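Q: This is the structure, below, for whatever I ask next.
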Amino acid sequence: MPNQDHNNLAIRVQIQAEDFDLESEINHLKQFGDIGGVASFTGLCRDEGGQLSALELEHYPGMAEAQILEICHEAFKKFDLIGITAIHRFGKIAPGENIVLVVAASTHRQAAFDGANFVMDFLKTDAPFWKKEHLKDGSSGEWVDAKDKDDAAKDKWR
Amino acid sequence: MPNQDHNNLAIRVQIQAEDFDLESEINHLKQFGDIGGVASFTGLCRDEGGQLSALELEHYPGMAEAQILEICHEAFKKFDLIGITAIHRFGKIAPGENIVLVVAASTHRQAAFDGANFVMDFLKTDAPFWKKEHLKDGSSGEWVDAKDKDDAAKDKWR
Amino acid sequence: MIKLVYFAWVRERIGKSQEEMNLPENVVTIADLIAYLRTLDDGYEAAFQEPQVIRAALDKTHSLHDAIIGDAKEIAFFPPMTGG
Amino acid sequence: MIKLVYFAWVRERIGKSQEEMNLPENVVTIADLIAYLRTLDDGYEAAFQEPQVIRAALDKTHSLHDAIIGDAKEIAFFPPMTGG
């Protein structure tokens, strides 16, 4: 199990309004072992054909951190990981900006890929975040609907 | 098919001695479409219990580029990708340093993950690179042996 | 007294993000609470008109509608999540 | 004249990274060329003593040992690849 009680966490979860820096997150993970591979996923705000002015990300403080931490722990149990970092932003995010980052480090590449992919799949459906669209015409658009394929994506880990 | 005949390539392959910069490679890919997700894999030189002073990467100029380009084209045919970048270094690389980078951008996250994972699997076994170990005691160690599991890793794409 | 928290369009339809409430004695499960809330006014009714799409959490842990509220301090209601 | 190029421990055992050569008429396939090279000296013999592990490329394209050399301009020999 990764160490969670010290300053040097092999699992790092952040819910923040600010942007993140992938390079420094990878460097952070390098302290935890003899890393052979790092897989990352960055989720960005799409512009949806130019109509969108921003997404507004609402979250459930406390539960969001706890859920993502639990997902990261599951990933550690399932795959041979050295460290994992997950950062999710909230607030207004413009097209082209970052929304979410997952970075997984391992001795071997497949575990790194699987760790990042697994955390993303479960974060999508289990972490309490909601997206609302703000449109360029100034109107507040719809809440984004959950997708069946996001639920289905979790099946590959059974 | 991605555009290969202009300066703005949706497929970018580089074989170089210098290090690469992940952030600028992700930014490079953002010009090619309305990107929802970017998956990356960075392969690093491990220190193998502290015995290794460096890996020396030899490659077959011309064929290395051509092979990786072909693998990237295969990935474009197989997955719904917007852009893909693969960079492989050669020469002496110290423990902790980067060896290889693959970045795949897509509208959707699974295609981005699959694209990067697929390119790494085939790059491992098909791209003409060879690693030789240089040890801390000053001796030139062994050529790294190819691993059966690297061949097996390709089976998941059949 | 229990704390109720609402997110996304559940929050918008009810018109507040949280409130404290004394639950009637016959409210035992989350489903009971949803049925009770729907009787309070049109905002709750609009929020919970399709109870099968509403997700709930007891003390910040995902919970099914048949879960017993017991001595939970906080109950959250929200639509399916769309983060990531 | 054909160009032969060698990599990694194949290069080290042969003692050179490339050379040009006129192939004998009975050398038709890559396997024929390997058998011919092994007769030249101990370096080639050491490089090709386990021919089944040697990979070959004709004009920078991976090729099996039974491939016909034909009018290829460049043949490469190397161990299984270990990049990435």
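Q: List the residues, sorted by chain then number, that are 5 or more residues from C:Leu23 or on another chain and whose placed amide H is less than 5 Å from its amide H.
A: C:Ile2
Q: For the rotation that superimposes chain D on chain C, which residue of D has the C-beta lying nearest to the axis, and at what distance in Å?
A: D:Gly84, 14
Q: What list of ³J(HN,Hα) couplings, whole Hz, do you get for segment A:67-78 from phi and the Karplus terms 6.51, -1.76, 1.60, once you set θ to phi - 60° and write x for glycine and proline?
A: These are the phi-based 3J(HN,Hα) values: 5, 5, 4, 5, 4, 5, 5, 4, 4, 5, 5, 7 Hz.
Q: For Cα pairs less than 8 Å apart in space and 6+ apart in sequence, what is the mean separation divided by the residue count of segment B:1-91, i.e. the relative contact order in percent?
A: Working: 81 pairs, mean separation 51.0, N = 91.
Dividing the mean separation by the residue count of segment B:1-91 yields 56 percent.
Q: Placing unit charges on C-beta atoms (Lys and Arg positive, Asp and Glu negative, everything else neutral), compute the dipole magnitude of chain A about its Cα centre in debye, rounded to 20. Please report the intermediate quantities before stating the final value.
A: Values: 17 positive and 27 negative charges, 72 e Å.
Computed charge dipole of chain A: roughly 340 debye.
Q: May I pose another question? Averaged over peptide A:124-133, how many Cβ atoms belonging to another chain are found within 10 Å of each residue's Cβ? Walk me through the numbers on the way to the answer.
A: Values: counts 5, 5, 5, 4, 10, 7, 11, 5, 4, 0.
Mean partner shielding for this stretch: 6.
Q: Can you compute the label reach from A:Lys77? Point 7 Å from Cα along the Cβ direction, backbone N cut-off under 16 Å, restricted to segment A:108-127.
A: Residues passing the 16 Å test: A:115, A:118-119, A:122-123.
Q: Can you give the relative contact order of chain B as a percent, counting alpha carbon pairs under 8 Å and 6+ residues apart?
A: Values: 309 pairs, mean separation 48.3, N = 158.
Relative contact order here is 31 percent.
Q: On average over all directions, what projected area in square nanometres does segment B:4-155 have, based on the convex hull of its Cα atoms? Let's see the in-between values first.
A: Working: hull surface 37.1 nm².
So the mean shadow area of the Cα hull is 9.3 nm².
Q: Follow-up. What residues qualify as long-range amide H neighbours of D:Thr61, i.e. H under 5 Å apart, gap of 5 or more or another chain, H built at 1.01 Å from N?
A: So D:Thr61 has HN proximity to no qualifying residue.
Q: What dipole magnitude, in Debye to the nearest 20, does the protein assembly as shown give about its Cα centre under +1 on Lys/Arg Cβ and -1 on Asp/Glu Cβ? Could you put the intermediate results ahead of the total?
A: Values: 50 positive and 80 negative charges, 21 e Å.
Here the size comes out at about 100 debye.
Q: Right, another one. Taking H as built 1.01 Å from N, whose amide H comes closer than 5 Å to the amide H of D:Thr29, not counting residues under 5 places away?
A: Hits under the 5 Å cutoff: D:Ile69.
Q: How about A:Lys77: which lysines have a C-alpha closer than 18 Å to its C-alpha, ignoring those fewer than 8 places off in the same chain?
A: Leaving aside lysines fewer than 8 places away in the same chain, those within reach of A:Lys77 are A:Lys154, A:Lys156.
Q: Once you put a point 7 Å from the Cα of B:Lys149 and another 7 Å from the Cα of A:Lys136, both along the Cβ direction, what distance in nm separates them?
A: Those two pseudo-labels are separated by 4.9 nm.
Q: Each residue of segment B:30-43 in order: what ³J(HN,Hα) in whole Hz does its phi give by Karplus 6.51 cos²θ - 1.76 cosθ + 1.60, θ = phi - 60°, with x for Gly and Pro?
A: 5, 6, 8, x, 8, 7, x, x, 10, 9, 9, 10, 10, x
Q: Taking Cα pairs under 8 Å and at least six residues apart, what relative contact order does chain D come out at, in percent?
A: That works out to 38 percent.
Q: Along the Cα-to-C-beta direction of D:Thr39, a point sits 7 Å from the Cα; which residues of segment D:47-75 have their amide N less than 19 Å from that point?
A: D:47-51, D:66, D:69-70
Q: Something else: What dipole magnitude, in Debye to the nearest 20, does segment C:2-78 give about its Cα centre under +1 on Lys/Arg Cβ and -1 on Asp/Glu Cβ? Display every interim value, and only then the final one.
A: Working: 8 positive and 13 negative charges, 57 e Å.
Here segment C:2-78 has a charge dipole of around 280 debye.
Q: Then there is this: I need the phi-derived Karplus couplings for segment D:59-76: 6.51 cos²θ - 1.76 cosθ + 1.60, θ = phi - 60°, integer Hz, Gly and Pro marked x.
A: 6, 6, 10, 3, 9, 6, 5, 8, 5, 7, 5, x, 9, 4, 8, 9, 10, 10
Q: So what's the net charge close to B:Gly49: Lys and Arg +1, Asp and Glu -1, counting the other residues with Cβ under 14 Å from its Cβ? The partial results should precede the final answer.
A: On the way: positive: B:Arg46, B:Lys136; negative: A:Asp34, B:Asp47, B:Glu48, B:Glu133, B:Asp137.
Combined, the nearby Lys, Arg, Asp and Glu give -3.
No lab work stands behind these numbers, since they all come straight from the coordinates. The structure presented is a predicted model; accordingly, all values stated were derived computationally and were not measured. So basically every Cβ, Gly included, is an ideal-geometry build from the backbone, and we count neighbours across all protein chains shown.
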